[in-house]
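Take a look at the structure below.
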Amino acid sequence: MRKKAGPVIAALLLIVVIGLILVVGKKIEQFIPSEEVQDLKEYFGIKEDNDVAIIQDQELTDIKGKCLDGTIYLDFRDVHDQLNSRFYWDGNENLLRYTTADELVTAYAGRSEYFVGNDVVKENYEIVKLEDDVVYVALDYVKKYTDLGYELYADPYRIVLTTDWKNACGRTAVTRDTQVRVKGGIKSPILSEVKKGSEVIVLEPMDAWCKVSTLDGIIGYVKNKALAGEGKKAAFGEDQLPPHSYAGETFTHNLMEEPVNLLWHQTTNVDANARIATVLANSKDVNVISPTWFYLNDNEGNLADVASRTYVDYCHEQGVKVWGLVSNLENSEVDCTYVLTHTSVRENLVNQIISKALNYNLDGVNVDFEALSGEVGDGFIQFIRELSLKCDDNGLVLSVDNYVPSAYTQFYDRAEQANFADYVIVMAYDEHYAGSDAGSVASIDFVREGAKNTITEGVPAEQIVLGMPFYTRIWSETPKEEAGDSAESASEDYVNYDLSSAAVSMAEARSRIDANGAQITWLEDCGQNYAQYEQNGVTYKIWLEDAKSLDLKLQVMKELDLAGAAFWKAGMETADVWETITSYLN
């Protein structure tokens with residue numbers, strides 16, 4: 001029995017020993033760092049040998065540049081969207097533009113020289129390359145006009161790009177040889193070996209590991225024990241930043257010393273100019289008048305006009321400045337998008353405006369381009385930039401009319417307008433309009449929010465002119481024929497009347513109310529008087545504009561310390577409003 005039991009016991013002991021060895025081995029293996037090395041091309045998303053990864057402000061981006069003929073290039077869209085939106089690419093005429101505070105800079109695709117005004121500047125690289133329908137711009141050229149610094153590294157190509165100088169991180173010393181790993185943990189693949197005495201940038205401290213960036217742009221995780229300060233963020237030091245020398249732009253503006261009191265004067269033909277004496281006599285203390293004289297009339301950028309030098313001379317004799325209005329709305333045959341996105345056509349438009357302004361001895365230009373689509377946003381802003389330079393050269397004030405800010409009008413880029421234009425005018429009306437639901441043309445909250453949001457978007461208060469209406473709308477609710485008990489009429493959304501409206505003057509609105517014996521009620525939430533009456537089965541509703549409603553709007557102008565006010569349009573006001581207006585603008 002003993003002879004038979006011996007081998008069994010020995011076998012059992014062997015099994016136990018092997019099990020212990022396996023358990024201990026697994027335990028030991030947990031503490032043995034992985035030596036797997038992460039492929040950096042895969043890590044950086046490099047697919048072609050000339051791809052360049054972009055690490056911007058210690059973050060690996062999805063953007064890829066190109067190393068072409070020894071020069072680093074970025075896709076124009078990435079330049080525009082991520083680095084400097086002032087660069088403008090005209091794909092119709094294959095040229096790149098940049099507008100400084102006082103110069104227009106132009107570079108043509110495939111060429112190594114560019115133009116600053118009329119001066120030629122040479123580079124040793126092509127500034128713009130076109131490859132496979134992609135527009136590439138040399139990063140060194142972008143750097144001339146952009147507050148950025150970068151360092152290039154190879155194997156694989158990558159650049160470490162700094163644009164956020166204020167939040168740049170300080171460097172931390174590595175206290176012993178270690179590795180940067182893909183994730184926190186010794187089993188994670190190795191991205192880079194770092195030697196004692198080298199430096200990294202701590203991005204995100206944690207308990208045992210911290211997220212870091214090496215100076216050559218590899219972002220991963222290092223043990224806290226391998227870093228000075230146990231992985232705490234180091235203090236920022238300017239001497240640690242990439243080479244950095246950039247002189248920011250200084251924009252100046254031609255602003256009036258007194259508050260702007262602008263009156264728009266709608267003139268649809270030359271004969272209407274003869275009314276200017278009456279218009280000024282019926283107003284009070286207006287210091288700027290803006291006649292609707294010019295409009296875009298063809299796809300070559302030419303203007304039609306109904307202007308009058310006699311009109312201007314008379315206004316100047318009365319001490320009133322004239323800012324001629326330029327519109328895009330009168331000729332429906334014109335493709336405004338085409339005009340604004342073709343540089344040669346846009347230049348003709350700018351030259352036409354300046355020529356008209358000088359010919360009629362204007363003091364300024366008022367741009368009123370409305371109903372634009374988002375696709376023309378960059379072209380419109382470039383138009384304002386280019387026009388501003390010519391206006392400044394000729395001593396002309398440039399003002400631009402704008403809707404109140406909204407999600408669908410962000411492409412008007414009011415902050416960029418304010419860099420180049422002298423005044424940004426907020427048309428704080430048409431809250432409700434022909435085709436909308438019934439309501440106020442300009443309730444006080446709509447006006448206040450429009451002005452505040454314009455400031456929030458980056459327009460200085462001293463450049464904002466608050467546009468207010470002299471008109472209102474009479475809304476008509478005409479009953480439809482009886483709909484019976486149909487499913488449609490049973491719906492909560494069903495409206496059993498046809499709605500229409502007409503814009504009328506203050507006097508006409510009052511006359512209609514008086515003629516129908518309607519009662520006027522003050523609406524605190526709207527900051528307006530309201531009246532309603534019925535006539536021949538039709539219900540009429542009027543949110544009135546009058547001296548009292550304008551007083552509240554002018555209070556907004558005063559409270560926000562805006563540059564002044566503008567009023568649409570001459571002849572639609574009652575005489576009493578001018579006492580209210582002058583009490584705020586004198």
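Laboratory data are not the source of any read-out in this text; all were calculated from the coordinates shown. The structure presented is a predicted model; accordingly, all values stated were derived computationally and were not measured. Heads up, the Cβs are rebuilt from the backbone with ideal geometry, glycines too, and the neighbour counts pull from every protein chain shown.
Of note:
- Length gained on full extension, D445 to K284: 55.3 nm, using 0.36 nm per residue less the C-alpha separation.
- Approximate spin-label separation R77-T61, in nm, with each point projected 7 Å along Cα-to-Cβ: 1.4
- For the chain, radius of gyration divided by Kirkwood radius, i.e. Rg to Rh on alpha-carbons: 1.17
- Residue-span extension gain [R275 to E579] - 0.36 nm each, minus C-alpha spacing: 107.2 nm
- Three-way shape call for the range 80-124 based on the alpha-carbon gyration tensor, with the a/c threshold at 1.5: oblate
- Annotated for the range 42-162: lysine pairs at least 8 residues apart or interchain, Cα distance under 22 Å, count 14.
- Taking amide H as placed 1.01 Å from N in the peptide plane, the amide H of Y530 sits under 5 Å from that of T521, W522, L523, L544, each at least 5 places away or on another chain.
- Pair E249, Y125: separation of 7 Å Cα→Cβ label points (nm): 2.3
- Nearby lysines by direct alpha-carbon distance to K548 (threshold 27 angstrom, same-chain neighbours under 8 apart not counted): K284, K452, K558, K569
- Descending by average beta-carbon neighbour count within 10 Å, the peptides 285-294, 74-83, 224-233 line up as 285-294, 74-83, 224-233, the highest first.
- Charged neighbours of Y540, selected by a Cβ distance under 14 Å, balance to -1 (K, R count +1; D, E count -1).
- Exposure proxy shown here: for T214, T250, T582, the number of other Cβ atoms within 10 Å sets the order, fewest to most, as T250, T582, T214.
- For K166, the lysines whose Cα falls under 16 Å of its own Cα, not counting residues fewer than eight places away in the same chain, are K233.
- Per-residue Karplus couplings for the range 351-356, computed as 6.51 cos²θ - 1.76 cosθ + 1.60 with θ equal to phi - 60°, are listed in order as 5, 4, 4, 5, 4, 5 Hz, Gly and Pro entered as x.
- Charge dipole of the chain about the Cα centre (unit charges at C-beta), most positive-ward option of Q56, T343, N299: Q56
- To the nearest ten degrees, helix 2-30 and the longest principal axis of the Cα atoms of the chain are 40 degrees apart.
- The value of relative contact order for the chain, using C-alpha pairs under 8 Å at least six residues apart, is 9 percent.
- Mean sequence separation of contacting Cα pairs (under 8 Å, at least six apart), scaled by the length of the range 42-162, corresponds to a relative contact order of 24 percent.
- Ranked M256, M427, M468, criterion: other C-beta atoms within 10 Å, fewest first: M256, M427, M468
- Shape class for the range 171-234, computed from the alpha carbon gyration tensor (a ≥ b ≥ c): rounded, with a/c under 1.5.
- 0 to 90° range, to nearest 10: angle between helix 377-393 axis and the chain longest Cα axis: 60
- Cα convex hull of the range 133-207 - mean projected area over all directions, nm²: 8.0
- Subtracting the Cα-Cα distance of E257 and N297 from 0.36 nm times their residue separation leaves 10.9 nm of extension gain.
- The residues packed around G185, meaning those with a beta-carbon under 13 Å from its beta-carbon, carry a net charge of +3 if Lys and Arg are +1 and Asp and Glu are -1.
- Rounded to 10°, Cα long-axis angle of helix 444-456 versus longest principal axis of the chain: 50
- Around the amide H of R158, modelled in the peptide plane, lie the amide H atoms of A53, Y153, all under 5 Å away and 5 or more residues distant in sequence or on another chain.
- Arranged from fewest to most other beta-carbon atoms within 10 Å of their beta carbon, H342, H244 become H244, H342.
- Debye, to nearest 20: dipole size of the chain, +1 on Lys, Arg Cβ, -1 on Asp, Glu Cβ: 3660
- The range 306-371: relative contact order in percent, alpha carbon pairs under 8 Å with at least 6 residues between: 53
- Positive-pole candidate from T278, I289, H253, dipole of the range 251-427, charges at beta carbon: T278
- Model label points for A407 and Y433, set 7 angstrom from Cα along the Cα-to-Cβ axis, are 1.8 nm apart.
- Net dipole in debye of the range 251-427 [+1 Lys, Arg Cβ; -1 Asp, Glu Cβ; about Cα centre; nearest 20]: 340
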